[in-house]
Amino acid sequence: MGEQKEKTQGLNAAEQAKLEKDGLDVVQDIARFAEQGVTALTPGDIERLKWVGLYLQRPKEDGNFMLRIKLPGGLLTTAQARVIAGISRDYGKNGLDITTRHSLQFHWIRLEGLPDIFGRLTQAGLTTLQAAGDCPRGIVVNPLAGIDAEECLDAAPWGEALYQFFQNNRDFSNLPRKFKIAITGAPHNSIQAELNDISFVPAEKRESGKILYGFHVLVGGGLSSQPQLATELDLFVLPEQVVAVAAAVAAIFRDHGYREKRNHARLKFLLNDWGVEKFTQELLSRTGSLQPGGKRITGTWNGGKFFGIHPQKQAGFYYLGLAIPCGRLTADELQELAGLAERYGDGTLRTTNSQDILIPGIAETVLASLKQEPLVKSQHKLQGTMTAQAITCTGKEFCPFAIIETKAFAARLLAQLDEAFPEKLPLRIHVSGCVHACAQPQIADIGLQGTMVMSDGVAKEAAEVWLGGTLEQQGVLGRKIAGKVPVDQAAATLVRLLSLYRDERLPEEPFGEFVKRTGLLDKAVNEWSK
Ligand code: HEM
Ligand code: SF4
């Protein structure tokens with residue numbers, strides 16, 4: 001008892017909940033929770049429910065939950081999509097959100113429904129285990145893995161190996177904080193590698209005239225209140241070494257990461273204190289020797305967006321990238337997409353970490369009739385729009401942390417901007433409801449982050465604004481403009497800013513470059529003061 005007390009001293013409440021009981025043990029409590037209801041839950045139970053993907057949704061007193069399904073590689077069979085649609089209809093008010101780690105979220109879930117929901121998911125080969133909590137989260141894999149005409153390595157088998165290794169693995173079920181892993185074998189960095197705790201990106205080495213493909217390793221990325229892009233280590237990792245390297249980094253995090261303050265616990269804080277050299281040495285002491293870095297294979301960053309019909313690497317086959325505005329769709333829409341995938345594709349769907357959906361495996365012979373489908377035709381109006389490019393988090397509708405509502409606000413704002421700029425500006429707008437940065441505002445051309453502002457003595461919803469973020473080349477975080485824009489003035493303010501971009505940009509000049517060249521940040525500050 002005394003020893004336990006000593007052990008928990010100085011630890012935050014989440015750490016204490018994990019010491020009471022491993023997060024993975026919550027699986028055994030589900031039947032009891034379903035019987036006893038939400039009022040019987042202890043704070044520790046609520047914390048541990050994250051390990052099966054459950055978060056209390058706002059308002060917490062109502063006892064409704066958000067439930068996140070982990071989709072390894074974003075892969076879904078159409079049969080699985082139908083099961084998800086069915087659960088959404090029966091328990092989730094017909095709604096679904098796609099997340100920035102290509103997971104799917106239900107809302108409105110009650111504890112009483114869990115035995116049936118988990119039963120249906122398990123039978124369909126789906127899981128929510130470790131979709132949240134202080135453990136390895138959903139592993140982001142290039143959404144085109146295996147069909148990507150640009151990839152030098154198919155990341156899918158290695159993403160699957162990582163998933164199999166970490167899933168339900170008690171060596172890594174109590175980390176100091178969430179642990180985000182991503183892997184791609186393609187140059188377009190669709191996985192947003194720099195935002196993860198560890199990511200694997202394609203690299204090459206030339207050995208006696210031959211090209212050897214492997215991965216470079218990035219560590220210590222993360223956003224939230226102290227955003228930081230991951231650092232590339234001087235290592236070249238062969239595909240079959242990926243799991244060992246990820247395991248070693250996770251073990252360093254587990255053994256040396258900080259457990260005192262929740263907002264000072266991610267791997268990035270340890271990396272910053274240790275420095276890259278010490279971190280690499282510790283890693284090598286666990287993995288054994290690894291080769292020094294080769295040449296990273298980079299291309300044009302695509303923001304993870306794959307809109308329209310494109311050829312696959314398999315000759316004669318195509319994939320269709322559908323924009324899902326604000327990452328939100330209904331169960332009926334998912335079911336309709338499953339129908340399309342069955343009729344035209346290979347019977348699978350892929351969710352993307354840019355909150356969209358792909359239908360792969362479409363034979364050239366059926367392309368013409370696919371294009372005549374009403375759902376596909378309805379996508380034409382989204383082509384090149386800001387609506388199709390945007391990313392949004394859950395926001396105040398459901399998220400207890402949120403300061404502002406995001407999905408409806410973003411949809412309105414984007415519609416107004418698309419109308420104001422019919423010539424279509426290549427612009428990525430990300431809207432996050434609070435400082436946690438779930439919509440990754442710091443890598444957006446324009447990132448909005450929820451806050452409040454006093455106006456005539458009344459507190460109003462507002463946004464802080466980040467400009468010029470990108471993961472092009474090695475990436476740069478956007479810079480925050482001083483001041484706040486009330487939500488009801490956001491459209492007018494952004495129309496003024498974007499008019500400058502439309503009128504003064506060089507041909508094909510990306511927004512980030514324009515911001516740098518013209519000092520738009522300072523101009524923007526003047527706009528604010530008007
Ligand atoms: C009820 C809903 C949600 C809750 C309670 C929640 C909670 C959080 C919290 C507490 C953080 C900060 C973590 C940290 O500092 O390390 C965070 C970060 C994040 N969340 Fe969420 N989240 C929710 C929904 C979402 C959704 C819908 C998405 C995707 C659209 C998402 C993706 C992310 C991402 C990408 C981060 C960035 C953190 C980083 O890499 O540093 N979350 N979330
Ligand atoms: S950014 Fe904030 S408001 Fe949005 S989902 Fe994340 S925690 Fe919630």
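Structural remarks
- Filtered residue count, the range 445-460, keeping only those that are away from ligand 2 (no atom under 12 Å from the Cβ) and touching a residue at least 24 places away in the same chain (Cβ under 8 Å): 6
- Put simply, of 459, 490 the only residue that is among the small types (Gly, Ala, Ser) and in a strand (DSSP E or B) is 459.
- Scanning the range 371-397 for residues that are among the hydroxyl-bearing types (Ser, Thr, Tyr) and over 22 Å from the mean Cα position of the chain (by Cα) yields a total of 1.
- Output for the range 380-403, where each listed residue is in contact with a Leu (Cβ under 9 Å, 6 or more places away or on another chain) and either assigned to a loop (DSSP other than H, G, I, E, B) or among the small types (Gly, Ala, Ser) (or both): 384, 385, 388, 390, 400
- Of the residues making up the range 277-304, those that are open to solvent by less than 60 Å² (accessible area, probe 1.4 Å), more than 22 Å from the chain's Cα centre (by Cα) and not small (Gly, Ala, Ser) are 279, 280, 282, 283, 284, 287, 290, 291, 296, 297.
- Looking only at the range 259-275, residues that are within 20 Å of residue 223 (Cβ to Cβ) and open to solvent by 50 Å² or more (accessible area, probe 1.4 Å) come to 6 in all.
- Candidates are the residues of the range 218-235 that are within 19 Å of residue 299 (Cβ to Cβ) and not in a loop (DSSP other than H, G, I, E, B); the one that is least open to solvent (accessible area, probe 1.4 Å) is 218.
One line per residue, one yes/no per condition, for (1) free of Cβ contacts under 8 Å to residues at least 12 places away in the same chain; (2) crowded, with 22+ Cβ neighbours inside 10 Å; (3) assigned by TED's automatic domain parsing to the domain that holds residue 395:
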residue: 39; (1), (2), (3): no, no, no
residue: 49; (1), (2), (3): no, yes, no
residue: 62; (1), (2), (3): yes, no, no
residue: 69; (1), (2), (3): no, yes, no
residue: 74; (1), (2), (3): no, yes, no
residue: 89; (1), (2), (3): no, no, no
residue: 104; (1), (2), (3): no, yes, no
residue: 119; (1), (2), (3): yes, no, no
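- Of everything listed in (1) open to solvent by 60 Å² or more (accessible area, probe 1.4 Å); (2) small (Gly, Ala, Ser); (3) part of a loop (DSSP other than H, G, I, E, B), the single unmet condition for residue 482 is (3).
- Residue tally, condition open to solvent by 30 Å² or more (accessible area, probe 1.4 Å), near ligand 1 (Cβ under 9 Å from one of its atoms) and out of contact with any Gly (no Cβ under 9 Å at 6 or more places or on another chain), over the range 395-437: 2
The values are calculated or read from the model by the stated rules, or taken from the named source; none is laboratory data. Just so you know, these numbers come straight off a predicted model, no measurement behind them. Note that each Cβ is placed from the backbone with ideal geometry, even for glycine, and that neighbours are counted across all protein chains shown. These area figures cover heavy atoms from the full protein model, side chains too; ligands, DNA and RNA do not enter into them. Shrake-Rupley method; radii C 1.70, N 1.55, O 1.52, S 1.80 Å.
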